[in-house]
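Encoded as C-alpha cells, the structure appears first; notes follow it.
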Amino acid sequence: METLSKQQLRIQETQARLLKAAEEVFVRYGYEAAQLDEIAARADRSKGAVYTHFRSKEDLFLALFEQRTRSFVNRLIASLERCTSRKQSLEAFREFIVGLAHDRVWPILTLEFKLFAIRHPESKERLRRAFEMSKPANDHVGYERMFGQLKREQKAENDLALAALGPIVTGLILESHFEPKILNEQGIRRLLGRIFDAFFVAR
C-alpha cells in the first residue's frame, strides 16, 4: 500500500474540512446564499485555500454531492458483498433504504442540488452523472444479486420502483420538519419498510 506524503495528507485534510464546512453552510443557507468566506472560516482555512482546491462555489457544491453519493454507493455495495443469497441481498438493500431515515441532511442537500441543476443547466450534466452513479440499476452485479434475472417487462417495473425510492425518502424526511410528531424517525422507517415491501417483496 502506497504511503501518502505529509503534503498529500495535508491536502486531503483540507479538502475534507472544506467539504464538511460546505455541507453545513449549504444546508443552512442554500446554494445561492452560501458564502465561500463562511465556508473557509468554518473549515479554519483561508478563502484562498478554497480556490486552491476548488475552482468555484459551484465546483465545491458539485464535489460535495459527488462525495456524498460515492459514500452511499460504497456503503450499499459493501453491504451487498457480505451477502450469500438473493434473499440476503434484498434484505440488505431494504435495510439500507430504511436506514436513510436517520440522515436529515441529505434530503435538504438533494433538494438544493436539484434546484441548482434546474437553475444552472450548463452544470446539469455533471449532476446527472452523479445521480446515475447512485442508482443500483447501474451496478449490474448488485442488481442481479438483489433481483435475479428479470424479463424486460419485470426489469422496467423494477427500475420504475427504484427511481421512485429516492424522491419518496427525500419527501418524507423533508416533511418530517413540519410534522415531527407523526413523521419521526421510527415512523419514517416503518413507512419506508412498507413501501419497499410493496415495491419488491409483495409482488
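The values are calculated or read from the model by the stated rules, or taken from the named source; none is laboratory data. Since the model is a prediction, treat every value here as computed from it, not as a measurement. Using ideal geometry, Cβ is built from the backbone for each residue, glycine included, and neighbour counts are taken over all protein chains shown. Ligands, DNA and RNA are excluded from the accessible area calculation, which covers all protein heavy atoms including side chains. Shrake-Rupley method; radii C 1.70, N 1.55, O 1.52, S 1.80 Å.
Computed quantities for the displayed model
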read-out: Volume of the Cα convex hull of the stretch 149-193, divided per residue and given in Å³; value: 65 Å³
read-out: Rg to Rh, two decimals, where the stretch 27-127 supplies the alpha carbon set and Rh follows Kirkwood; value: 1.08
read-out: Average accessible surface area per residue within the chain, 1.4 Å rolling probe, Å²; value: 61 Å²
read-out: Charge context of TYR51, other residues only, Cβ under 14 angstrom, K/R +1, D/E -1; value: +1
read-out: Rounded to the nearest 10 Å², the accessible area of LYS114 at probe 1.4 Å; value: 80 Å²
read-out: Whole-percent carbon and sulfur share, accessible surface of the chain, 1.4 Å; value: 53 percent
read-out: Calculated FRET efficiency for the pair ARG70/ALA41, C-beta based, R₀ 25 Å, to 0.05; value: 0.40
read-out: Nitroxide proxy distance, nm - points 7 Å out along Cα→Cβ at LYS124 and GLU144; value: 3.5 nm
read-out: Inter-label distance for ASP103 and ARG55, nm, one decimal - labels placed 7 Å from Cα along Cα-to-Cβ; value: 2.6 nm
read-out: ASP159, ASP44, reordered so the largest accessible area comes first (probe 1.4 Å); value: ASP44, ASP159
read-out: When each of LYS155/LYS181; LYS87/LYS155; LYS6/LYS114; LYS47/LYS124; LYS20/LYS155; LYS57/LYS181 is checked by Cα-Cα distance, pairs over 28 Å; value: LYS155/LYS181; LYS6/LYS114; LYS20/LYS155; LYS57/LYS181
read-out: Rounded to the nearest 10 Å², the accessible area of VAL98 at probe 1.4 Å; value: 10 Å²
read-out: Chain lengthening between ARG152 and LYS6 when straightened (0.36 nm per residue, less Cα-Cα); value: 47.4 nm
read-out: List GLU91, GLU153, ordered by accessible area with a 1.4 Å probe, largest first; value: GLU153, GLU91
read-out: Base-10 log of normalised Debye intensity for the chain (one unit scatterer per alpha-carbon) at q = 0.08, 0.11, 0.12 Å⁻¹; value: -0.33, -0.62, -0.73
read-out: Added length on full extension, which subtracts the Cα-Cα distance from 0.36 nm per residue, GLU132 to VAL27; value: 35.6 nm
